[in-house]
Amino acid sequence: MTIYLNGVLVVDGVVMENYWEREKPIYPSGQIELQAHNTPLYFRNIYIREIPREENGFVSLFNGEDLAGWIGDKNGYVVEDGKIVIHPDRGSGNLYTEKQYSDFILRFDFKLTPGANNGLGIRAPLEGDAAYAGMELQILDNTAEKYKDLQSYQYHGSIYGVVPAKRGHLNPVGEWNEQEVIAGGRRITVKLNGVTIVDADIDEASTQKTMDSRDHPGMKREKGHIGFLGHGSRVEFRNIRIKELR
């Protein structure tokens, strides 16, 4: 626990104790409480930014302050309150990691707006359409009326044009969703809010021809950038972290 009072460091990295159950460590999560002890007391300007818990082998791809480590459209993608927010009026291109990744577990949170459309590019080059030159996993408001007649491989979580995702597991628009993507060799797995919505062998999925009958050379790529692929919608991202698999 580290505490600053009026800009002055008054508690520096002290390990907290479980005062009432000293044989146990402090709980890893819980409520935040404002206390008063029979005297007048006032609070204001109460705000919080959650810090992603360190996970075994995971590293953060976003520091919550700026777009260090990212390349691409830094006009449309803006850092606000510890989040990456897309402002389509400023631009809606692609934002990629500087580093390339092969096999990995990627975890992130996202929040949709009504009718939002975006994508997650994996093993993608910096040039060309990531849905074909790499792989694009859809990020989409499945509930929007304008998307009711899409092909099955166009809904949220799908490997665009190749593998359809299970539907019905997005949180309501305006709420945060948690997503995990596992790229292990030729198998791609997508988990949304704890539910596996894609688990596919991409070699089998592209045998003879793909679902959209188009060529997807990116399916054969073993390495590439990870990116958010703009489609003119406001979407928010946070807690972006990755674990490389050897």
key: Matching residues, segment 1-33, being closer than 26 Å to residue 239 by Cβ, among the aliphatic types (A, V, I, L, M) and open to solvent by 100 Å² or more (accessible area, probe 1.4 Å)   = 1, 15, 32
request  = Could you please find all residues in segment 34-59 being in a loop (DSSP other than H, G, I, E, B) and surrounded by 10 or more Cβ atoms within 10 Å (Cβ to Cβ)?
outcome  = 50, 51, 52, 53, 54, 55, 57, 58
query = Right, residue 62: out of contact with any Asp or Glu (no Cβ under 7 Å at 6 or more places or on another chain), surrounded by 10 or more Cβ atoms within 10 Å (Cβ to Cβ) and under 26 Å from residue 156 (Cα atoms) or not?
reply = yes
inquiry  = What's the number of the only condition in (1) more than 21 Å from residue 56 (Cα to Cα); (2) open to solvent by 60 Å² or more (accessible area, probe 1.4 Å); (3) at pLDDT 95 or above that residue 208 fails to meet?
reply    = (3)
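Can you tell me which residue is most open to solvent (accessible area, probe 1.4 Å) among those in segment 66-85 that are part of a loop (DSSP other than H, G, I, E, B) and under 13 Å from residue 240 (Cβ atoms)?
Here the answer is 68.
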note = When every residue in segment 190-242 that is at positive phi and polar (S, T, N, Q) is compared, the one nearest to the chain's Cα centre (by Cα) is 239
request  = Among the residues of segment 91-117, count how many are closer than 16 Å to residue 74 by Cβ, of a type outside the set (Ser, Thr, Tyr) and modelled with pLDDT of 95 or more.
outcome  = 3
Boolean, residue 198 is among the hydrophobic types (A, V, I, L, M, F, W, C) and in a strand (DSSP E or B) = yes
task = Identify, by number, the condition in (1) touching a strand residue (DSSP E or B) at 6+ places or on another chain (Cβ under 8 Å); (2) over 18 Å from residue 116 (Cβ atoms); (3) open to solvent by less than 60 Å² (accessible area, probe 1.4 Å) that residue 185 doesn't meet.
result = (1)
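Is it the case that segment 2-20 has a residue that's acidic (Asp, Glu) and under 22 Å from the mean Cα position of the chain (by Cα)?
Looking only at segment 2-20, we keep the residues that are acidic (Asp, Glu), and these are 12, 17.
Now narrow it down to the ones that are under 22 Å from the mean Cα position of the chain (by Cα): none.
The answer is no; no qualifying residue exists.
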Selection within segment 185-205 - touching a Gly at 6+ places or on another chain (Cβ under 6 Å) and over 23 Å from residue 62 (Cα atoms) = 197, 198
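The values are calculated or read from the model by the stated rules, or taken from the named source; none is laboratory data. Everything numeric here is computed off the predicted structure, so don't read it as measured data. With ideal geometry, Cβ positions are generated from the backbone for all residues, glycine too; neighbour counts draw on all protein chains shown. Side chains are part of the model used for accessible areas, which takes the heavy atoms of the whole protein and leaves out ligands, DNA and RNA. Shrake-Rupley method; radii C 1.70, N 1.55, O 1.52, S 1.80 Å.
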